[in-house]
Amino acid sequence: MSILCGFPLLECVYCLACARWAWKRCLHTAGHDSETWGLATLEEFEPVPRLCRYILAVYEDDIRQPLWAPPEGYGINPDWLILKKTYEDTKGLAPPYTLYLDHDHMDIVLAFRGLNMAKESDYAVLLDNKLGKRKFDGGYVHNGLLKAAGWVLHTELNVLKDLVLKHPHYTLTFAGHSLGSGVAALLTMLAVQNGDKLGDIDRKRIRCYAIAPARCMSLNLAVRYADPLKFFMLVGDVGNQKSRDFRGEPAEDDFLPRTATPLEDIFKSLFCLPCLLCLRCMRDTCIPEEKMLKDPRRLYAPGRLYHIVERKPFKIGRFPPVVRTAVPVDGRFEHIVLSCNATSDHAIIWIEREAQRALDIILEKEHIMEIPAKQRMERQETLAKEKSEEYRAALQRAVTLAVPHAYAPSPYGTFDDVPWDYSPESSGESSFGSSRKTRGRETWDELVERLFDKDESGRIVFKKSYSRD
């Protein structure tokens, strides 16, 4: 009609709108997501390169004769390796993992490898999920990853309990990359809720480092468990639908933590992944973030986020990496970055290198400052207080934004548990996984009895009614 009038007004407006969208999208870099975050400290970031090497060690067939060790080695004493499970041992129910007793750092480390694109069982774990399929602790989680985490905890429960009791001053750390990070994150939640099954371990001793994880829990759980869960990502790296102490670390342009595209669609379109991400990017741009936040089934990257930023807009090459951290509620890596590094930044080898570079820079700055021991202790206490306040502010922010099933922190300063009047039953939900006798929660023994069974050889398997089919 505008053409009949002699001037294509509507067409011009449409073209200008598309041009504006393309311009803003092309200018959006991964560093924009964390530009207002604070810098990570030496104490909280120091374990990351080491744990990345422990994860890389899971890929080795024989740790005493490594084939792909980084230049500085894995830093593992073979005599302290408690166990190593392969695909044959797990029967495809969980990714391979190792249990390492790190006496040097007083740490019990359970490390999981990432996705093996040649193993159908890994795809089965990832694809065993639908939107809103699995409810857990007042929220939603990835069904396949939760089942894998439950299998690992049930299988290694006695070994972990013995180590925790034998070494009462050691921390218990779960670490993983990609697929393994999702299992580690949900395993941490199960361990936190079932501390009595692990020798009454103090919740503060449980940690999780999720490297470039998949999205595996709803927003209310991601914020609530931000204390133990830490998610690390390289500038260029954020995952698909990923906290006592959950720490997530994405690569800067990594696509996995950023896209809410269902995993089954990603793998069905593996040979046209750039096209899929581009189309998803256009679609997500048209959906207001307020609408996404109000969907209780939408999954997010878990816990406190750490972002390794090593690139700058309109600059060629990589720059000295900077590590930023926060517990965001809105703006939680919701935008896909159009970058040629979207898939390469997901690699654990590259994340380990950049994490080590970032740690070296932090150590150099610490050495230059030469802070006296007394002032260092005071600084650590101040930082711990600031982190606690940031965590409480995130909980309050979630309530302010009307995130489903989010609740404000206790006015008495204790927010380890869900308030007594909060129950999944009150919102029409049911959850499982906790050993506490609270309303609406299934105990660990009941969960094990319902999900698992033993075959003729005595191996632990899923019951037929809960098979992936």
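Read-outs throughout are calculated quantities, based only on the coordinates presented, and are distinct from any laboratory measurement. No experiment lies behind these values; they were computed from the predicted model shown. Don't worry about glycine lacking a Cβ; one is built from the backbone with ideal geometry, like all the others, and counts go over all protein chains shown.
Quick notes on this structure:
- Take 78-89, 389-400 and order them by the average number of nearby Cβ atoms within 10 Å per residue, most first; the result is 389-400, 78-89.
- Remark: relative contact order (segment 52-198) = 23 percent; criterion is Cα-Cα distance under 8 angstrom and separation of 6 or more residues.
- The calculated FRET efficiency for residue 381 paired with residue 103, based on their beta-carbon distance and R0 = 30 Å, is about 0.65.
- Inter-label distance, residue 46 to residue 61: 3.7 nm, where each label sits 7 Å from its Cα along the C-beta direction.
- Estimated distance in nm for a label pair at residue 297 and residue 357, the labels positioned 7 Å out from Cα along Cα-to-Cβ: 4.2
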